[in-house]
Amino acid sequence: MIWHRSHCLREINDQPQEGGLLICQDALEVDLNPYMGQAQMVYLDPPGSSGNAFTCKLRVGKRGYESSRQAVQLPAYEDGRHPRDERYLRKIRKLIELSHLLLDETGSMFLHVTVDNLARTRLMMDEVFGEDQFRNQIIWSFQTGGRSKRYFSRKHDAILFYAKSDKHYFDITQVPIAKRGSRDNHMKRHVDEHGRSYRSIVSGGKKYIYYDDEPVFPDDVWADVSQMQQKDPQRTGYPGQKPQALLDRMVLSTTRPGDLVVDLCCGSGTALASAATNERRFIGIDNSPVAFAACRKRLSPYRLVCQAPLSQSGAMLDAAVLPGIGYYTVSINAYTVPEEELAGITRQPKDLVIEGMDLIDQWHAGLINKGVFVSYASSLREKQTPELETSLEVPLLRGTVAIMLIDVLGRRSLWTGTPAF
Ligand SMILES: C[S@@+](CC[C@H](N)C(=O)[O-])C[C@H]1O[C@@H](n2cnc3c(N)ncnc32)[C@H](O)[C@@H]1O
């Protein structure tokens, strides 16, 4: 049976583990008034100013997820035109001001920038937060990317760390790091009267003692977190994705379980994944539908409230509902997209034919009740589950049975067999 498109005010992912709010909209246009002064930590990783446009590599179908040889490149976001571009600078400033308003008095802000934008954004942060609230200019150094012979290769990002006020909460003991053995080799080794081994060094007339069983904490140069490798299991294909270990260090040192973490340019949702796995709540916002699709998939194990636009297109869905004892079985028979809508898309390989279930990247079955779609079951293409299920079960509760799907063009659509509104 051919299903028709439906609407909802929001989507809820019915999961027991707490997650947060996911919004696909310009962060500067979202009504965040209910959350002012509530965030314990804001991470902001805005677009840079290279003038480049970035695409997201989305694998296609079972073969794509098994071998990565079948994919499409979807437009994701664009950098500002130039580091001095007025529009770009105004936007960054507004995002910083909004972050400041969202923070609790004990809260922290981390602004992640490339060296091109460091000087200007540092001054903005001083103006908005106050110079006294500057805590660190963290250097995240890595070895990936190209090398230059015209100047020393640029192998770091800066992360500007500011406090909202002097009531700042910070607990470095939450983020111990591995000991770097070789660093201590030049020190003398000893054992004290309790049998504890330590190393000592005299510098400037003062003796420094380091016990071998004492934890070591990071300083402001983070060289122990590598960029994601090509085959990293975390990799979503979204451009600019940061490794979760980087975010874990910021989240764990500045927040406690249950606190609210906000990311106004959340991309693939790394800060949100860090918040959720560390039992913090989150609000993630991004105006790119492709970013929303990546986050929706990545955060599927958690309870989510999602607000994102539904696309209109010439796609058609053939589906069926079979009532059982205590549940409905919801099945997809076919999904088709008109050839002209697929025409402009960049494919790998170039002659890749995308048809049938390969046109779908994730789907969720649930019920629409009072304008809210609650998703009870999901099938997501992932490395571990490259093939989509064609049937899902939904509990026999009040509401209209519906399917939310996101296709390989990153388009999100809601469908029902009977009119829902
Ligand atoms: C560098 S990426 C963030 C990557 C992210 N930290 C991750 O780990 O995946 C920057 C993101 O900012 C988003 N963005 C740009 N302008 C925005 C705006 N006005 N509101 C919300 N998101 C925005 C872009 O769509 C892009 O996904």
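The values are calculated or read from the model by the stated rules, or taken from the named source; none is laboratory data. On a predicted model such as this, the values are computed, not experimentally measured, just so you know. All Cβ positions, even for glycine, are placed from backbone atoms using ideal geometry, and neighbour counts span all protein chains on display.
Which one of these is within 11 Å of the ligand (Cβ to nearest atom), closer than 17 Å to Gly284 by Cβ, out of contact with any Cys (no Cβ under 9 Å at 6 or more places or on another chain) and touching a residue at least 60 places away in the same chain (Cβ under 8 Å): Leu111, Leu28, Leu32?
After ruling out the rest, the residue left standing is Leu28.
Has the stretch 37-59 got any residue that is touching a residue at least 12 places away in the same chain (Cβ under 8 Å), away from the ligand (no atom under 15 Å from the Cβ) and of a type in the set (Lys, Arg)? Yes: the stretch 37-59 contains one or more residues that are touching a residue at least 12 places away in the same chain (Cβ under 8 Å), away from the ligand (no atom under 15 Å from the Cβ) and of a type in the set (Lys, Arg). Pairing residues of the stretch 266-294 that are at positive phi with residues that are near the ligand (Cβ under 6 Å from one of its atoms) and in a helix (DSSP H, G or I), at Cβ distances under 6 Å and at least 6 apart in sequence or on separate chains, gives Gly267/Ala291.
This table checks each residue for (1) in the same structural domain as Val42 (by TED's automatic domain parsing); (2) without any contact (Cβ under 8 Å) to a residue 40 or more places away in the chain.
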| site | (1), (2) |
| --- | --- |
| Lys149 | yes, yes |
| Ile172 | yes, no |
| Asp192 | no, yes |
| Lys206 | no, yes |
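Using the structure shown, decide if Arg381 is basic (Lys, Arg), within 27 Å of Phe54 (Cα to Cα) and touching a Gly at 6+ places or on another chain (Cβ under 7 Å). The answer is no for Arg381. Looking at the stretch 264-357, the helices (runs of 4 or more DSSP H) lying wholly inside it that each contain 1 or more residues that are under 22 Å from Cys8 (Cα atoms) and within 16 Å of the ligand (Cβ to nearest atom) sit at 289-298. Just one of (1) charged (D, E, K, R); (2) surrounded by 15 or more Cβ atoms within 10 Å (Cβ to Cβ); (3) within 14 Å of the ligand (Cβ to nearest atom); (4) assigned by TED's automatic domain parsing to the domain that holds Gln133 fails for Asp79. It is (4). Of all residues being surrounded by fewer than 14 Cβ atoms within 10 Å (Cβ to Cβ) and aliphatic (A, V, I, L, M) in the stretch 193-240, which is modelled with the highest pLDDT? Just the residue, please. That would be Val221.
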